[in-house]
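The values are calculated or read from the model by the stated rules, or taken from the named source; none is laboratory data. Keep in mind the model is a prediction, meaning the values are calculated, not measured. Glycine gets a Cβ as well: all are built from the backbone with ideal geometry, and neighbour counts include every protein chain shown. Heavy atoms of the whole protein, side chains included, go into the accessibility calculation; ligands, DNA and RNA do not. Shrake-Rupley method; radii C 1.70, N 1.55, O 1.52, S 1.80 Å.
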Amino acid sequence: MPAPRLRPVILGTDLGVYSIARSFHEAYGVRSTVVANSPRGPINDSRIIDAVFTGQGSSEERIVQALLDVAAAHPGEQHLLTVNAEHEIDLVRRHRAVLAERYVVPFADDDVLAAAGDKVELDRICRRLGIPVPASRSVDLAGAGAPGWAPPALDLTFPVVLKPAVSAEHLLMSYPGKKKVYSAADPAEAAAVLGRIAAAGYRDVVVVQELVPGDDTWGRTVTCYVDRTGRVTMMASGQLILGLHAPTMLGNSATILTVPQPELAEQAAAILRELRFTGFANFDIKVDPRDGRGRFLDLNPRIGRPNYYVNVAGRNPARAVVEDYCPDVAASGGRPGPGGDPAAAAHQHVGVYSYLPWSLVRRYVPDPALRQRLAQVRRTEGFAHPLDYPADRNLRRRRYRALSTLNLVRDFRRYYPRPTETGF
């Protein structure tokens with residue numbers, strides 16, 4: 001019997017969604033079906049994507065029905081569901097039973113996903129394992145609506161960073177001055193931020209961490225895939241060069257140098273073992289210039305928006321999940337991808353993932369040696385832009401990429417005109 005044809009189905013419309021579709025096309029030559037509310041630049045006019053739009057403001061039930069309709073329209077194919085946002089992971093958790101009847105759903109158990117997405121739980125695990133994290137406090141806003149409520153005093157060294165512990169809930173909220181991550185220079189500013197989040201109706205925990213100094217280039221990233229047996233079968237890592245700085249995009253990496261981070265990779269694998277995690281995971285880490293140690297900031301129970309950097313590092317994440325859940329497809333899908341474990345991260349390809357122009361990036365790299373290294377990689381390898389796929393080029397996509405780049409440059413001029421010693 002021939003292997004069933006693979007049909008990746010992805011929720012969303014952003015750069016990360018297109019990158020996932022590109023990985024599947026590069027690995028297996030298949031088009032992905034993208035289910036989304038409405039059209040958006042990264043997925044528009046693509047030869048590797050079939051788009052299904054549910055309408056702006058679609059309910060969960062409408063989205064789930066659209067997914068079931070896609071599966072029903074293509075019987076006999078292997079439908080593999082992929083999501084890459086916290087609120088979409090929650091949607092899959094709530095509707096897993098019905099989706100699993102038609103789809104391969106390559107996610108950890110619900111309780112594991114919930115724990116992995118909780119920043120408070122990451123802090124507990126890291127401390128238990130002896131993995132460095134910033135000093136932090138958890139502020140529960142459950143009672144923030146009660147008369148006389150006031151933000152608590154914080155016995156931390158300022159400045160600090162504030163971020164909702166359960167980011168899926170906060171992501172869907174809208175209020176003036178909203179940011180993905182906040183910073184506060186003193187207790188009064190921290191109290192004001194907590195009050196603003198509480199006034200918007202958020203009633204969960206906000207994690208307050210002492211700010212790790214250093215500009216963006218002190219950031220690190222590690223991305224893993226853990227198969228159903230608990231084995232790390234794909235791992236890649238890199239040094240952040242420049243992240244986005246628009247308020248709702250803080251924390252998103254835009255330029256990454258794909259260099260090995262073996263110690264951080266080992267620590268990431270240990271955290272995932274402790275959680276009994278399976279599937280894709282991405283870690284945000286920052287090296288503290290004061291002692292040279294990497295402090296773990298976030299665990300995202302998904303592959304992450306800048307996931308194409310994994311391909312630049314020499315791994316293809318699509319192969320990892322297909323080899324785990326669809327072995328018949330994998331066996332008929334061409335050459336096997338390189339395996340990965342914490343040690344394998346030391347042997348990855350060195351390149352640069354970036355959707356920002358070099359003329360902008362080099363202005364934000366204060367270290368001359370690092371700037372020279374990036375320039376050399378650019379000369380020999382070029383910068384890998386996730387939307388610049390030779391098999392998917394046309395005039396409309398080229399025009400969108402140019403306009404998107406122009407808007408990003410404008411955002412830097414507005415929100416982050418020059419590098420700072422903190423990245424804020």
Taking only the alpha-carbon atoms of segment 265-332, what semi-axes of the equivalent ellipsoid follow from 5 times the gyration tensor eigenvalues under a square root, in whole Å, largest first? 28, 14, 10
Along each of its three principal axes, how wide is the spread of alpha-carbon positions in segment 142-216, in whole angstrom units, largest first? 36, 27, 20
Using the Cα centre of the chain as origin and beta-carbon charges of +1 (Lys, Arg) and -1 (Asp, Glu), tell me which of 159, 407, 13 is placed farthest towards the positive end of the dipole. 407
Counting other Cβ atoms within 10 Å, keep those with at most 11, restrict to DSSP loop, and tell me which GluC sites (Glu not before Pro) in segment 30-96 are left. none
From highest to lowest solvent-accessible area (probe 1.4 Å; ligands, DNA and RNA excluded), 211, 172 read 172, 211
GNM on the chain, Cα springs under 10 Å; top mean-square fluctuation among 369, 36, 27 goes to 369
Segment 7-67: trypsin sites (Lys or Arg not before Pro) falling in loop per DSSP and having at most 13 other Cβ within 10 Å: 47
Calculated from DSSP H runs of 4 or more alone, at -39500 (n - 2.57) each and per residue, what is the 222 nm mean residue ellipticity of the chain, nearest 500? -10500 deg cm²/dmol
Taking 0.36 nm per residue of sequence separation and subtracting the Cα-Cα distance, how much length would be gained by fully extending the chain between residue 101 and residue 149, in nm to one decimal? 12.6 nm
DSSP beta bridges in the chain: the antiparallel percent, rounded to 5, is 70
If you roll a 1.4 Å probe over the chain with all protein chains in place, what percent of the accessible area is carbon or sulfur? 50
Note, residue 85: beta-carbon cut-off 10 Å, +1 each Lys/Arg, -1 each Asp/Glu, net -2
Rounded if a/c is under 1.5, else prolate if a/b beats b/c, else oblate: with a ≥ b ≥ c from the C-alpha gyration tensor eigenvalues square-rooted, which is segment 1-103? oblate
Report the chymotrypsin sites (Phe, Trp or Tyr not before Pro) located in segment 161-223 that are in a DSSP loop and have at most 15 other Cβ atoms inside 10 Å of their Cβ, or state none. none
So what is the accessible area of the chain per residue, in Å², with the probe set to 1.4 Å? 43
Long-range lysine pairs (8 or more apart or interchain), the chain, Cα under 14 Å: 5
The convex hull of the Cα atoms of segment 204-296, divided by residue count, gives a volume in Å³ per residue of 126
For segment 146-264, the convex hull over Cα atoms projects on average to an area in nm² of 9.9
Within a Cβ distance under 9 Å of residue 169, other residues only, what is the Lys/Arg minus Asp/Glu net charge? -2
